[in-house]
Amino acid sequence: MTKKEKAAFIISTLEEIYPQVPVPLEHSDPYTLLIAVLLSAQSTDVRVNQTTPELFSKADNPKAMVKLEVSEIREIIKPVGLSPTKARAIHRLSELLLERHQGEVPADLEALEALPGVGHKTASVVISQAFGVPAFPVDTHIHRLMYRWGLSTGKNVVQTEKDARRLFPESFWNKLHLQIIWYGREYCPARGWDLEKDVITRTIGRRSVLREYRAKKKTR
């Protein structure tokens with residue numbers, strides 16, 4: 001299969017498995033999504049979803065958030081990890097939203113990336129999921145699958161994002177990146193991977209990846 005044929009197969013297969021795809025992080029508006037995505041760095045969506053209700057019950061908008069002490073934010077978000085850094089970023093970005101954007105989350109990649117604690121991936125998730133702006137945020141699942149499927153070199157997430165944006169039609173990006181995340185979690189995880197359940201990799205996977213998988217199977 002050519003890469004174009006692989007891309008078409010992936011789109012059609014994922015559309016069958018996930019015709020409706022949920023957003024992993026629970027939120028009610030662009031601001032709560034921004035905070036949830038920021039918190040998810042080096043954490044899990046499950047842990048974030050367990051933590052944000054308490055935080056958002058106290059402050060679900062920038063004006064309320066800046067009234068909290070950084071130490072108070074830190075105490076609430078401890079379970080997600082990196083709480084000192086994340087608490088400072090949440091407090092300061094809330095101040096900047098009030099100063100620069102009338103308290104609204106901008107639907108602009110560069111403006112979002114200028115906020116503390118907001119990297120390219122976080123900004124891409126927000127413009128995609130909150131505003132419907134075409135973006136292809138790459139997380140560890142997408143990075144792993146793009147390599148296993150022979151669609152990217154896997155050297156870094158920047159290259160993986162470029163390859164994904166080039167291969168898949170823009171009109172599919174916002175839904176497709178979520179479909180790939182869910183597929184990676186359910187059928188193509190980093191650990192405990194069962195190729196028999198993974199129809200996409202089994203059909204179009206990188207030959208070296210398939211050889212390595214089968215060789216390991218034989219030695220078990």
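Write out, first by first residue and then by second, each pair whose Cβ atoms fall under 6 Å of each other, whose residues are 6+ apart or on separate chains, and whose first residue, in segment 126-140, is under 14 Å from ARG166 (Cα atoms) while the second is aromatic (Phe, Trp, Tyr) and open to solvent by less than 50 Å² (accessible area, probe 1.4 Å). Cβ pairs passing all conditions: PRO134/TRP173; PHE136/TRP173.
Across segment 168-208, which residue is surrounded by the most Cβ atoms within 10 Å (Cβ to Cβ) among those that are among the aromatic types (Phe, Trp, Tyr) and over 16 Å from the mean Cα position of the chain (by Cα)?
Filtering segment 168-208 for residues among the aromatic types (Phe, Trp, Tyr) gives 168, 172-173, 182-183, 187, 193.
Subset that is over 16 Å from the mean Cα position of the chain (by Cα): 168, 187, 193.
On the way: PHE168: 20, TYR187: 18, TRP193: 16.
The qualifying residue surrounded by the most Cβ atoms within 10 Å (Cβ to Cβ) is PHE168.
Taking every residue in segment 192-220 that is under 15 Å from MET146 (Cβ atoms) and of a type in the set (A, V, I, L, M, F, W, C) and pairing it with any residue that is modelled with pLDDT under 95 and surrounded by 11 or more Cβ atoms within 10 Å (Cβ to Cβ), at least 6 positions away or on another chain, the pairs with Cβ-Cβ distances below 7 Å are ILE204/MET1.
Would you call GLY154 loosely packed, with under 15 Cβ neighbours inside 10 Å, on the phi > 0 side of the Ramachandran plot and not aliphatic (A, V, I, L, M)? Walk me through it before giving the result.
Working: loosely packed, with under 15 Cβ neighbours inside 10 Å: no; on the phi > 0 side of the Ramachandran plot: yes; not aliphatic (A, V, I, L, M): yes.
Here the answer is no, as GLY154 does not meet what is asked.
Filtering segment 120-143 to residues that are more than 23 Å from TYR183 (Cβ to Cβ) and out of contact with any Leu (no Cβ under 9 Å at 6 or more places or on another chain) leaves only PHE131. No other residue among LEU34, LEU55 is over 29 Å from SER171 (Cβ atoms) and either open to solvent by 30 Å² or more (accessible area, probe 1.4 Å) or at pLDDT 95 or above (or both) apart from LEU55.
The values are calculated or read from the model by the stated rules, or taken from the named source; none is laboratory data. In this text, all values refer to a predicted model and were calculated from it rather than measured experimentally. Using ideal geometry, Cβ is built from the backbone for each residue, glycine included, and neighbour counts are taken over all protein chains shown. Remember, those area values only see protein heavy atoms, side chains included, never the ligands or the DNA or RNA. Shrake-Rupley method; radii C 1.70, N 1.55, O 1.52, S 1.80 Å.
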